[in-house]
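Here the structure is laid out as structure tokens; the discussion comes afterwards.
None of the figures in this text is laboratory data; all of them are computed from the coordinates on show. As the structure is a prediction and not an experimental result, all values here were calculated from the model. Ideal geometry is used to build each Cβ from the backbone, glycine not excepted, and the neighbour counts take in all protein chains shown.
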Amino acid sequence: MKKDIQLGKQVLRSEARAIQSLISHVNRDFEKAVDLIKRCEDRVIITGMGKPGIIGRKIAATLASTGTPSLFLHPAEAVHGDLGMVTKEDVIVAISNSGETEEVTRLLSVIKKIGARLIAMTGNLKSTLARHADVVLNVQIDREACPWNLAPTASTTAALAMGDALAVCAAKRRGFKESDFALFHPGGSLGKKLLRVKDIMRKGKSHPVVKPETTIQKALFAITAARAGSCSIADEKGRLLAIFTDGDLRRHIDERGLKILQEPVLKYATRKPTVIQEDHLAAEALQRLRDKKIDELPVVNRSGKAVGLLDVQDLLKAGFL
């Protein structure tokens, strides 16, 4: 119905205004809150009751996934023993729009006794929660998005947005990087996108490296021992010279027969092969394999030294194919 469309747009406008109004509240108090989180020696503990509690769980998850150890503490469970999770090294973020939520306010005296620092996220700067907090983040809104100004809608959206701002700033202050994000998301598509070649390449005993004068026979022994499909050929300084694959062997063995096995591997290897650096994205390696229609990529460091081997099977195991 047309009225549904109108009301839906009105709700979204109300929530957008709520977030827009927070911009002026990102001030010195916000900076102090980020500093408390950054200097926290243990965990950031989020607490809230009802809908703000649901928002708190999301904020805790965002903090944790961006490098800030965090958990959610249900305020009702807290007074029945779960306050034992809290230490003086923790930072508590308590969310309550009114600042007078009973389940939250009755935690305040215990939090003070424990010695944990308290950040209040509230829309009432004169509330009990605000008075007891070390830092107060103002998430005040003009009204809820629902027609009766009752259901937590714009207020929870505002709290969620402020929590995201806190998490992102804390991650930046901690020096959080793309590689860290991949570490905390190894099973997701986001993590795969950020995986580096060095995270999945074959190295050590799984990466056969031989000298230029090594015979093809010994090179094949090295490839077999490593259960690889090729070997890297490097000079005395470890710099990559070529790659020798089973395809190289097949292309030349008919010409020389078994005599080829006693000849230097470099003679029949692929010189100046397509390579990739170890700190490049694994997704880039996949694209390079597809473009060149090859199965193996020698991996080098910035000095050109052979440090690993990436096979199409490695990408398969990592979930790229």
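Annotations
- Correct option for log10 I(q)/I(0) by the Debye sum over Cα atoms at q = 0.07, 0.08, 0.10 Å⁻¹ [calculated from the coordinates] among (i) -0.32, -0.41, -0.62; (ii) -0.26, -0.35, -0.55; (iii) -0.49, -0.58, -0.71: (iii)
- Local net charge near GLN10, Cβ-Cβ under 14 Å (Lys/Arg +1, Asp/Glu -1): +2
- Among the listed pairs LYS177/LYS292; LYS193/LYS292; LYS88/LYS177, those with a Cα-Cα distance over 24 Å are LYS177/LYS292; LYS88/LYS177.
- Antiparallel beta bridges, as assigned by DSSP with both residues in the chain, represent about 45 percent of the total such bridges.
- Total formal charge among the other residues, if their Cβ is under 11 angstrom from that of ARG173, Lys/Arg +1 and Asp/Glu -1: +2
- Comparing VAL86, ALA154, ASN97 along the charge dipole axis of the chain, the residue lying farthest to the positive side is ALA154, per the Cβ-charge model.
- With Cα atoms, 0 to 90° folded angle of helix 2-22 axis to the chain main axis: 90
- Listed values for region 111-126 are Karplus-derived 3J(HN,Hα) couplings in whole Hz (6.51 cos²θ - 1.76 cosθ + 1.60, θ = phi - 60°), namely 4, 5, 5, 5, x, 6, 7, 10, 10, 9, 10, 8, x, 10, 6, 9, and x replaces Gly and Pro.
- Span from the region 249-321 Cα centroid across to the region 1-59 one, whole angstrom: 50
- In this structure the amide hydrogen of ARG196, modeled in the peptide plane, comes within under 5 Å of the amide hydrogens of ALA282, none closer than 5 places in sequence on its chain.
- Calculated diffusion of region 2-176, Stokes-Einstein form, Kirkwood radius summed over Cα pairs, 10 °C and 1.306 mPa s, µm²/s: 98
- Unit charges on C-beta of K, R, D, E only; dipole of region 200-321, Debye: 140
- Between 0 and 90°, nearest 10: helix 216-226 axis offset from the chain longest Cα axis: 30
- Sequence-distant aspartates and glutamates (8 or more away, or on other chains) whose Cα lies within less than 14 Å of LYS32: ASP134
- Here the gap between ASP199 and ILE5, fully extended at 0.36 nm per residue and compared with their Cα-Cα distance, gives a gain of 65.0 nm.
- Taking the Cα centre of region 2-176 as origin and assigning +1 to Lys and Arg Cβ atoms and -1 to Asp and Glu Cβ atoms, the resulting dipole is close to 420 debye.
- Dipole of the chain, positive end: most advanced residue of VAL110, HIS207, VAL168 [Cβ charges, Cα centre]: HIS207
- For region 281-321, backbone nitrogen atoms closer than 12 Å to the point 7 Å from GLU178 Cα along Cα-to-C-beta are found at 281-285.
- Listed by chain and number, the lysines whose alpha-carbon sits under 23 Å from that of LYS218, ignoring those within fewer than 8 places in the same chain, are LYS203, LYS205, LYS237, LYS259, LYS267, LYS272, LYS305.
- 5 angstrom amide H check on ALA151, placed H, neighbours 5+ away: CYS146
- Size of charge dipole - the chain - debye, nearest 20, with Cβ of Lys, Arg +1 and Asp, Glu -1, no other charges: 680
- For LEU137, the amide hydrogen comes within under 5 Å of the amide hydrogens of ALA120, MET121, THR122, counting only partners 5 or more places away or on other chains and with H modelled in the peptide plane.
- The lysines within cross-link reach of LYS9, meaning a Cα-to-Cα straight distance under 23 Å and a gap of 8 or more places when in the same chain, are LYS51.
- 0 to 90° range, to nearest 10: angle between helix 28-39 axis and the chain longest Cα axis: 50
- Residue separation of LYS259 and LYS88 scaled by 0.36 nm, minus their Cα-Cα distance, works out to 54.1 nm of gained length.
- Packing-based ranking of 125-133, 170-178, 307-315 yields 307-315, 125-133, 170-178, ordered from highest to lowest mean Cβ neighbour count within 10 Å.
- Reported value for region 194-317: 94 Å³ per residue, from the convex hull of its C-alpha atoms.
- Within-14-Å neighbourhood charge of LEU63 [Cβ basis; K, R +1; D, E -1]: +3
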